[in-house]
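Below: one structure, written as structure tokens.
The values are calculated or read from the model by the stated rules, or taken from the named source; none is laboratory data. If you're wondering where the values come from, they're calculated on a predicted model, not measured in any experiment. Every residue, glycine among them, receives a Cβ derived from its backbone with ideal geometry; neighbour counts consider all protein chains shown. For the accessible areas, the whole protein counts, side chains as well, though only heavy atoms, and no ligand, DNA or RNA atoms are used. Shrake-Rupley method; radii C 1.70, N 1.55, O 1.52, S 1.80 Å.
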Amino acid sequence: MTPAPATPPSDLDVIIIGAGHNGLVCAAYLAEAGLNTLIVEKNEGVGGAAATEEFHPGFRNSVAAYTVSLLNPKVIADLELARHGLKIVERPASNFWPVDSRRYLLMRGGLSDRQAAVARFSLRDAERLPAYDAALEQAADVLRDLVLRAPPNFGGGVVELVKGAGLGQRLWRLNAQGKRTLIDLFTKSAADFLDGWFESDVVKAAFAFDGIVGNYAGPSTPGTAYVLLHHCFGEVNGKPGAWGHAIGGMGAITQAMAKSAEARGVTIRTEAPVVRLLTREGEACGVVLETGEEIRARAVAAGIAPKLLFSNLVDCDDIDPALRKRFVGMKSGSGTFRMNVALSELPDFTCRPGKEAQDHHGAGIVIGPSLDYLERAYFEARLNGWSSQPVVEMLIPSTLDDTLAPPGQHVASLFVQYVAPHLPGGRHWRNVHEKEAFADLVIDTVTRHAPNFKEAVIARQMLSPLDLEHRFGMVDGDIFHGALSLDQLFSLRPQFGYASYRMPVPGLYLCGSGAHPGGGVTGAPGHNAAREIIRDLKRRRAG
């Protein structure tokens, strides 16, 4: 996976732009089907946002993506990722919410344990929990069924009508309550949806967190209920809804994917940034690298954000101006700030004391104790550029993985909301003091709940929305390659009429998170795009 001579142009079937996890998945499936496939990646290594690196001597961690659940089990099996070194372990507890100096909510895996945890805040909510779980799981089953299917593509003719009819039959099989729940999840805010189930503000905030993760929206914003559902359809080692850690960090996933792809014959070139899509008679026929090198192939698949693809790589003459404007104008921006910290010791939480590893240290530790807290954080970022009391999800993967830090020391991932993708008042994320000031605020926020935390920090790595854009092509820092809003989902993702992974330029495909089913480390867009590319190239050969 180092810079290497290009495969001879006449031999290449497909060029994939970007060696992120979806690009690697797409390439592996294409090669398995006998297509000669080349991946070109701008960075030194593969993985995109799902990479592991040393950020301080002796301390390694996942750089951007930071936890496992949504990775599709079919992709894991088909690419034989375990055989290529991937090992995923389950968290000892799902999530831990410090509320104040005395109270906390600790959610373990079993229903009885979760009911006992919720009962500390509301007996009624504990009684409602089984019905809530069942309703959400029924909806998540529908989503899982759709994840590996291309959505019906408006304007696609009889084939797309048949797809739509099949989808209608799948939804029609739901009972009346299931249909109502699905409609609520696709149309309501997380806050409104949860108000119909629970009474405790702490409990509602805990569930609402999944509706705002990576989403520049507050829990009362319409559409956040769907984002909540999007984060519920995953599984770890066959356990639906579970969350886990890849030993070696998220880079272990993409390293296994790269090995699987290369074993199937894929060529991967790193340090090979693409600057332009090549076309011939209106069809995609290759790429131009930053060096000026031209590489030609029968098709091109882009694992990058559609907003980046159409603003930077596709020539204005190759696409209708009005359509190009729609792609470039996609809503994006996750409102997130990413940190890694090296720690001399584990945080000692006031509400659950102890510096020795306990189950809550291995959970997703969320500072966001009420719906009001989440909502205020969002509105403050909208007004001032960031939240003075941010929402923080912290994972300490070294409690599960001793390859990441020296003995007795630890690494923590902090996924923080909210920050504006573009700061107001002439401020800019390129100014280091802005990043430092917000990072200080994040450390202080955690320290309010774990007084030893600030002193335990040895070193820190900071990634603003601008850093995420420059390093990983996440325009506006958007981890989903485009907001998961109702007008950018399913048959409307990335745009009306282009949900089939085929882009407006013939021979150009989208295989990244900007395509259905959207963001998260799933591998599903890569899987689905590969199926469509294989179908098209086989048809062209037969013709």
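The residues of the range 204-220 that are within 17 Å of GLY482 (Cβ to Cβ) and open to solvent by less than 10 Å² (accessible area, probe 1.4 Å), listed by number, are ILE212, GLY214, ALA217. Scanning the range 123-143 for residues that are in contact with a Ser or Thr (Cβ under 9 Å, 6 or more places away or on another chain) and either surrounded by 15 or more Cβ atoms within 10 Å (Cβ to Cβ) or without any contact (Cβ under 8 Å) to a residue 40 or more places away in the chain (or both) turns up ASP125, ARG128, ALA135, LEU136, GLN138, ALA139. For the range 350-358, check the following and say yes or no: at least one residue is at pLDDT 95 or above and surrounded by 24 or more Cβ atoms within 10 Å (Cβ to Cβ). No - not one qualifying residue is present in the range 350-358. Annotation: VAL505 fulfils all but one of (1) farther than 23 Å from HIS433 by Cβ; (2) outside any loop (DSSP other than H, G, I, E, B); (3) among the β-branched types (Val, Ile, Thr); the unmet one is (2).
Let's see how each residue does on (1) in contact with a helix residue (DSSP H, G or I) (Cβ under 9 Å, 6 or more places away or on another chain); (2) charged (D, E, K, R); (3) modelled with pLDDT of 95 or more:
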residue: GLY292; (1), (2), (3): no, no, yes
residue: LEU308; (1), (2), (3): yes, no, yes
residue: PHE327; (1), (2), (3): yes, no, yes
residue: GLY333; (1), (2), (3): yes, no, no
residue: ARG338; (1), (2), (3): yes, yes, yes
residue: ASP348; (1), (2), (3): yes, yes, yes
residue: HIS360; (1), (2), (3): no, no, yes
residue: SER387; (1), (2), (3): yes, no, yes
residue: PRO390; (1), (2), (3): yes, no, yes
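Inclusion of LYS307 among residues that are in a helix (DSSP H, G or I), in contact (Cβ under 8 Å) with a residue 24 or more places away in the chain and open to solvent by 30 Å² or more (accessible area, probe 1.4 Å) is warranted. Mind checking which residues of the range 464-478 are under 13 Å from VAL419 (Cβ atoms) and not in a helix (DSSP H, G or I)? SER464, ASP478, listed by residue number.
Cβ separations smaller than 6 Å between residues 6+ apart or across chains give the following pairs from the range 240-256 residues that are under 10 Å from ALA51 (Cα atoms) to residues that are open to solvent by less than 10 Å² (accessible area, probe 1.4 Å) and hydroxyl-bearing (Ser, Thr, Tyr): GLY249/SER62; MET250/SER62. I'd like to verify a number: residues in the range 393-426 that are touching a helix residue (DSSP H, G or I) at 6+ places or on another chain (Cβ under 6 Å), open to solvent by 10 Å² or more (accessible area, probe 1.4 Å) and β-branched (Val, Ile, Thr), how many? So the count comes out to 1. Inclusion of PRO494 among residues that are in contact (Cβ under 8 Å) with a residue 12 or more places away in the chain, in contact with a Gly (Cβ under 8 Å, 6 or more places away or on another chain), surrounded by fewer than 19 Cβ atoms within 10 Å (Cβ to Cβ) and under 26 Å from PRO321 (Cα atoms) is not warranted. On inspection, ASP195 qualifies as at pLDDT 85 or above and open to solvent by 50 Å² or more (accessible area, probe 1.4 Å).
A count restricted to the range 92-122 and to residues that are over 19 Å from VAL392 (Cα atoms), open to solvent by 30 Å² or more (accessible area, probe 1.4 Å) and not charged (D, E, K, R) stands at 9. In the set (1) open to solvent by 10 Å² or more (accessible area, probe 1.4 Å); (2) more than 27 Å from ASP100 (Cα to Cα); (3) of a type outside the set (Ser, Thr, Tyr); (4) not in a strand (DSSP E or B), the condition left unmet by GLN461 is number (4). Could you give every pair whose Cβ atoms fall below 7 Å, whose first residue belongs to the range 197-224 and is without any contact (Cβ under 8 Å) to a residue 24 or more places away in the chain and more than 17 Å from LEU123 (Cα to Cα), and whose second residue is assigned to a loop (DSSP other than H, G, I, E, B) and open to solvent by 10 Å² or more (accessible area, probe 1.4 Å), counting only separations of at least 6 or pairs across chains? Sorted first by the residue in the range 197-224, then by its partner, the pairs are ASP210/HIS231; ASP210/CYS232.
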